[in-house]
Amino acid sequence: MNNINFGEEFWKELEAETPATRKCLERIPETLYEYKPHEKSMNLGYLALLVAEIPGWIRDIIEISEIDFATYNHFKLKDTAALVAHFDNNIAGAKRALQKVSNEELKDMFYLKNQGHVLFSSTKKENVGSSINHMVHHRGQLTVYMRLNNIAVPSIYGPSADERSF
């Protein structure tokens, strides 16, 4: 008998990842938004924005069932306070959607599109889980950029070289 509520399980996972992610975003100064560690790398501002926006994808996956690159409205990055507020808003929206979604609804399809053309589709459940992983992956990249710029890296799953919690 399977009594797992996947929306609740994803909510718990997102809740666990939120504090460290927020700490990282709070430490990114606007003066470094254009920084790139390599010519093929994305700039720090875009990376931080990506981390802040991914929770909004979770809300859209559940409530809209699609994201279209051509019409997706990216937040206009201006400063750290606005970036963190955007993250907080996206986390709140994702949590609200996860609290309401049923296991049955998570079996429905999600579509990633570009100008209406389907690029990818799979269940909402698969996409919510991969979006949380995607956020964690890019947060990891963000910590490397932070280290390269002498920005203190917060403790995430345990102590960092900057924040020892022994």
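The values are calculated or read from the model by the stated rules, or taken from the named source; none is laboratory data. What you see is a predicted model, and the numbers here were worked out from it, not measured in a lab. Methodologically, a virtual Cβ is constructed for each residue, glycine included, from the backbone with ideal geometry; neighbour enumeration extends over all protein chains shown. Note: areas computed on protein heavy atoms with side chains; ligands, DNA, RNA excluded. Shrake-Rupley method; radii C 1.70, N 1.55, O 1.52, S 1.80 Å.
The table below lists the values:
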quantity: Residue satisfying all of: in the stretch 62-116; assigned to a loop (DSSP other than H, G, I, E, B) and in contact with a Phe, Trp or Tyr (Cβ under 6 Å, 6 or more places away or on another chain); most open to solvent (accessible area, probe 1.4 Å) among these; calculated: ASN103
quantity: Candidates VAL128, VAL84, filtered to the one that is among the hydrophobic types (A, V, I, L, M, F, W, C), under 25 Å from LEU32 (Cβ atoms) and in contact with a Leu (Cβ under 8 Å, 6 or more places away or on another chain); calculated: VAL84
quantity: Flag if SER131 is open to solvent by less than 40 Å² (accessible area, probe 1.4 Å), within 25 Å of ALA70 (Cβ to Cβ) and either assigned to a strand (DSSP E or B) or touching a Gly at 6+ places or on another chain (Cβ under 6 Å) (or both); calculated: no
quantity: Conditions (1) over 19 Å from the mean Cα position of the chain (by Cα); (2) over 25 Å from ASN3 (Cα atoms); (3) of a type in the set (A, V, I, L, M); (4) open to solvent by 40 Å² or more (accessible area, probe 1.4 Å): number failed by ILE156; calculated: (1)
quantity: For SER121: the one exception among (1) outside any helix (DSSP H, G or I); (2) farther than 25 Å from GLY7 by Cβ; (3) open to solvent by less than 70 Å² (accessible area, probe 1.4 Å); calculated: (2)
quantity: In the stretch 17-61, residue surrounded by the most Cβ atoms within 10 Å (Cβ to Cβ) [restricted to those that are small (Gly, Ala, Ser) and within 16 Å of GLY93 (Cα to Cα)]; calculated: ALA52
